[in-house]
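Colleague: The structure under discussion is supplied below as structure tokens; questions concerning it will follow.
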Amino acid sequence: MTDWPNHEEAWREWRNASAGARMHHGWILAGKSGLGKDDFALAAARELVAQDGIPQPPGNHPDIITLTYGAKNDKEAKAQAEGKKFELARSIRVDQVRAMQKRLTTRPTLGDRRVIIINPADDMEVSAANALLKSLEEPPVGTFFVLVTHRPARLLPTIRSRCRLLRFPTLSDAQLEEMLETSGAASGGEARAVAIRASEGSYGAALRFAEQDLGPVATLINQTLTGSNSDRSASATLAQMIGPRADRARLQAVMELAQAITADTARRTEDSALRGRLIEAHGELVTLAAQAPNYNFDTGLLALEIGSLLMRAGQASDHAHG
């Protein structure tokens, strides 16, 4: 498990609470993606269910139930059961919450505590969130809920009001540098520097950027957005860099990188017209990233679409450069 230098305060709060007479039954772990909240949730859950004199299994724990994305449909569920690759749903569904609630009618397997981890809780269907609320309002004795969320504002206010909040800070550039060095994901130099700069404090993002060696892609995106590259074939060049048969992981990393650089450029520019175009492009990139898994996009066409969005955002910037 990764050693997370940004977890110190969260562990202090959690352990102080668990050592008290009345541990709160609901917790929200909040912070952007890539800050180790899922690692914290599992480690904290294992601490909470462990009891003196009761051997604890090293792998999956029967008293820790995790709800996350399931199979997209019955066909994908069949593939999952057969050990084949399967496509995930885009949300946590109400039937998953109800199945979990049925298990809460029985006692924990090993001790007298059970932990339910929902990750990411902000991607629950509305009906799933409403079903969960009933358990949060009347939690069974010894049951604790840990909700991992990247966007806590998307949770129902009634859910937020029944949980204690733990915030996870972003990582510094120095911390990211050390973590990437330890992981060996990038040999250093431009690739690592780009990964850190574009990650905005998220180790998960930095690791993806470094593993995909997106330094040249980041340079082209920057040049396109700032107008320093007025080559109208930049979108085709970007598509070539991404790769005509790029897999989903690479496409996701490229879209995440494009969003990060677009947002950063919008924050730094003093050109209000450019800022407006960048904000619009960022929104379109977010929409495209959300839609991509649900459609049979041709990789090359998707890469061209990303390039075209960036070109339109930076198309007037070259005027400022003479």
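Colleague: With the chain treated as a Gaussian network of Cα nodes joined by springs under 10 Å, which of 201, 276, 20 yields the largest mean-square fluctuation?
Modeller: 20
Colleague: Connecting C-alpha atoms closer than 10 Å in a GNM of the chain, tell me which of 256, 138, 82 has the biggest fluctuation.
Modeller: Among 256, 138, 82, the largest mean-square fluctuation in the Gaussian network model of the chain belongs to 82.
Colleague: Using +1 at the Cβ of each Lys and Arg and -1 at the Cβ of each Asp and Glu in the chain, identify which of 128, 60, 203 lies farthest towards the dipole's positive end.
Modeller: 128
Colleague: Can I ask one more? Suppose every Lys and Arg Cβ carries +1 and every Asp and Glu Cβ carries -1, with no other charges. What dipole size does the chain come out with about its Cα centre, to the nearest 20 debye? Intermediate results must be reported in sequence, preceding the final value.
Modeller: Numbers: 38 positive and 39 negative charges, 239 e Å.
Its charge dipole is roughly 1140 debye.
Colleague: Here is a further query. Taking amide H positions as placed in the peptide plane 1.01 Å from N, state which residues far from residue 165 in sequence (5 or more) or on other chains have amide H under 5 Å from it.
Modeller: 28
Colleague: Using the Karplus equation 6.51 cos²θ - 1.76 cosθ + 1.60 (θ = phi - 60°), what ³J(HN,Hα) coupling, rounded to whole Hz, does each residue of the range 202-219 give in order, writing x for Gly and Pro?
Modeller: So the J values, rounded to whole Hz, are 9, 5, x, 5, 4, 5, 5, 5, 5, 5, 8, 6, 9, x, x, 5, 4, 4.
Colleague: Let me know the charge dipole size of the range 95-227 about its Cα centre in debye, to the nearest 20, where only the beta-carbon of Lys, Arg (+1) and Asp, Glu (-1) is charged.
Modeller: 900
Colleague: If you roll a 1.4 angstrom probe over the protein chains with everything in place, what fraction of the accessible area of the chain belongs to carbon and sulfur, to the nearest %?
Modeller: With neighbouring chains kept in place, the figure for the chain is 49 percent.
Colleague: So, one more: Roughly how many whole Å is it from the C-alpha centroid of the range 258-276 to that of the range 99-141?
Modeller: First find each Cα centre; the distance between them is then 42 Å.
Colleague: Also: Using a 1.4 angstrom probe and counting only protein chains, how large is the accessible area of residue 32 in Å², to 10?
Modeller: 70
Colleague: Sticking with this structure for a sec: Of 206, 44, 77, which has the largest mean-square fluctuation in a 10 Å C-alpha GNM of the chain?
Modeller: Fluctuation is largest for 77.
Colleague: Considering only the other residues whose Cβ falls under 10 Å of the Cβ of residue 152, what net charge follows from Lys and Arg at +1 and Asp and Glu at -1?
Modeller: Its environment carries a net charge of +3.
Colleague: Need one value: the accessible area of residue 25 in square angstrom, 1.4 angstrom probe, rounded to the nearest 10.
Modeller: 40
Colleague: Quick check: net charge around residue 205, other residues with Cβ under 9 Å of its Cβ, Lys/Arg +1 and Asp/Glu -1?
Modeller: Numbers: positive: 32, 208; negative: 200, 256.
Once positives and negatives cancel, what remains is 0.
Colleague: Would you count, across the chain, every pair of lysines whose alpha carbons are under 17 angstrom apart, provided the pair is eight or more residues apart or spans two chains? Working shown, then result.
Modeller: Details: 72/84; 72/85; 75/84; 75/85; 102/134.
Close lysine pairs under the 17 Å cut-off: 5.
Colleague: Further question: Once you keep just the Cα pairs under 8 angstrom separated by 6 or more residues, what percentage relative contact order results for the chain?
Modeller: Once normalised by length, the contact order is 18 percent.
Colleague: Here's something else I'd like to know. Placing unit charges on C-beta atoms (Lys and Arg positive, Asp and Glu negative, everything else neutral), compute the dipole magnitude of the range 22-91 about its Cα centre in debye, rounded to 20.
Modeller: 340
Colleague: Here are labelled values, (i) 35, 24, 18; (ii) 33, 20, 17; (iii) 40, 22, 19, and one is the computed semi-axes √(5λ) of the Cα gyration tensor in Å for what I pasted. Which one?
Modeller: (iii)
The values are calculated or read from the model by the stated rules, or taken from the named source; none is laboratory data. All values reported here derive from a predicted model rather than from experimental measurement. Neighbour counts run over all protein chains shown; Cβ positions are idealised from the backbone, glycine included. For the accessible areas, the whole protein counts, side chains as well, though only heavy atoms, and no ligand, DNA or RNA atoms are used. Shrake-Rupley method; radii C 1.70, N 1.55, O 1.52, S 1.80 Å.
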